[in-house]
Amino acid sequence: VTIADYGSQAILCRAISLAFPGEAIQAEEQGSQFMTLVPDEQREQVIQLVGEALGESVTEMKIVYWLDSGHGAQSERTWVIDPIDGTKGFIALRRYSICVGILDKGQVVGGVIGSPGYPRSDGKEGLLFQAQNGDAYVEPLEGGTPRWIQASDLTDARMIRVVESVERDHANLEMMARVRQAAGLAGAQVESLDSQDKYAMVACGDADLYLRLPREVAPKHKAWDHAAGTALVMAAGGMVTDIDGSPLDFSLGPILLKNKGMIVSNGRIHERVLKAVRETLGAEWGL
Ligand SMILES: [Mg+2]
């Protein structure tokens, strides 16, 4: 965790609680951890930087209050926040994203992904993705006209582009290679990157498949690592399921207790990948 995680979450939670007072927020960081884990000097930095970003005077008490706002609240709508998704990528100057998913009675209905490192056609970097009312859009991070986006319609194995996590503890890379082979995608181009930018790539047709196979039986995936991305890919006409084809269940709180892994695709190749997962891991994983 960095000071940016806390600063980003304080700003997001403040904005949401001002616009939608009393609504539930599930967010990755906690005020108590900010007070106990972050050294004095760095807490001071967060206070100063958040104050500069907001253009108002900020105190330590306000930061803690914002970090925890909406925590434990009961409402039909829940905001699911990863203030910096891919913190290791952020530290290493790789990809990261700022993710807000929206649940309505436990169902994913919308989301926003800010992707500062996403390469653009104009040679610059930085895109803002959003899913709303069943449609997905992208615009430049600094603002501009939103463009409607759709997942790709590719099915030809030679054209399929796969994305995976960089972090080895996130997913079983060796198992994923076996699944790709079983799906006839052994020759597919595979790119590793951090954060929910992987979901964004599938949503806008820059990739066709994102596989995340677990390394353990009860992997405890966090809602904030997947809610915004799931909303975006579904709205763009793609598919997001667990490795057995069931939907991701966000109704059980911050941990996806019922889910083992993620198969995220353009939709067209989803059945083929599910079949490959069953053939490869079925016995082992009871699929
Ligand atoms: Mg995070």
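The values are calculated or read from the model by the stated rules, or taken from the named source; none is laboratory data. Just so we're clear, the structure is a prediction, and the values are computed from it rather than from any experiment. Ideal geometry is used to build each Cβ from the backbone, glycine not excepted, and the neighbour counts take in all protein chains shown. Quick note on the areas: whole protein, heavy atoms, side chains included, nothing else; ligands and nucleic acids left out. Shrake-Rupley method; radii C 1.70, N 1.55, O 1.52, S 1.80 Å.
Using DSSP loop states and a limit of at most 13 other Cβ atoms within 10 Å to flag GluC sites (Glu not before Pro), what is the longest stretch of the chain containing no flagged site? Value returned for the longest uninterrupted segment is 217-287.
Helix 173-182 and the longest principal axis of the C-alpha atoms of the chain enclose an angle of approximately 40°. In loop segments of region 75-184 as defined by DSSP, there are no chymotrypsin sites (Phe, Trp or Tyr not before Pro) with at most 10 further C-beta atoms inside 10 Å of their C-beta.
Expressed to the nearest 5 percent, the antiparallel share of DSSP beta bridges inside the chain is 80 percent.
With protein chains left intact and a 1.4 Å probe, residues in the chain average 47 Å² of accessible area per residue. Compute the distance from the alpha-carbon center of region 1-36 to that of region 218-287, in whole Å. Here the answer is 27 Å between Cα centres.
Accessible surface for residue 108 stands near 40 Å², nearest 10, in the context of the full protein assembly shown (1.4 Å probe).
Each Lys and Arg Cβ is given +1 and each Asp and Glu Cβ -1; about its Cα centre, the chain then shows a dipole of about 840 debye.
Only one residue of 108, 54, 65 has its Cα farthest out toward the positive end of the dipole of region 1-113, where Lys and Arg carry +1 and Asp and Glu -1 on Cβ, and that residue is 108. Shown here for region 182-285: trypsin sites (Lys or Arg not before Pro) in loop regions (DSSP other than H, G, I, E, B) with at most 16 other Cβ atoms within 10 Å, namely 215, 220, 258. When the chain is described by a simple charge dipole with +1 on each Lys and Arg Cβ and -1 on each Asp and Glu Cβ, the residue from 2, 231, 207 located farthest towards its positive end is 207. Put +1 on the Cβ of each Lys and Arg and -1 on the Cβ of each Asp and Glu in region 157-222; which of 217, 160, 176 then has its Cα farthest toward the positive end of the dipole? Of the listed residues, the answer is 217.
The slack between residue 45 and residue 148, meaning 0.36 nm per residue of separation minus the straight C-alpha distance, is 33.3 nm. Here region 52-125 has 55 percent of its accessible surface on carbon and sulfur atoms, given a 1.4 Å probe and all protein chains in place.
The loop-placed trypsin sites (Lys or Arg not before Pro) in region 67-111, going by DSSP, that have at most 15 neighbouring Cβ atoms within 10 Å of their Cβ come out as 105.
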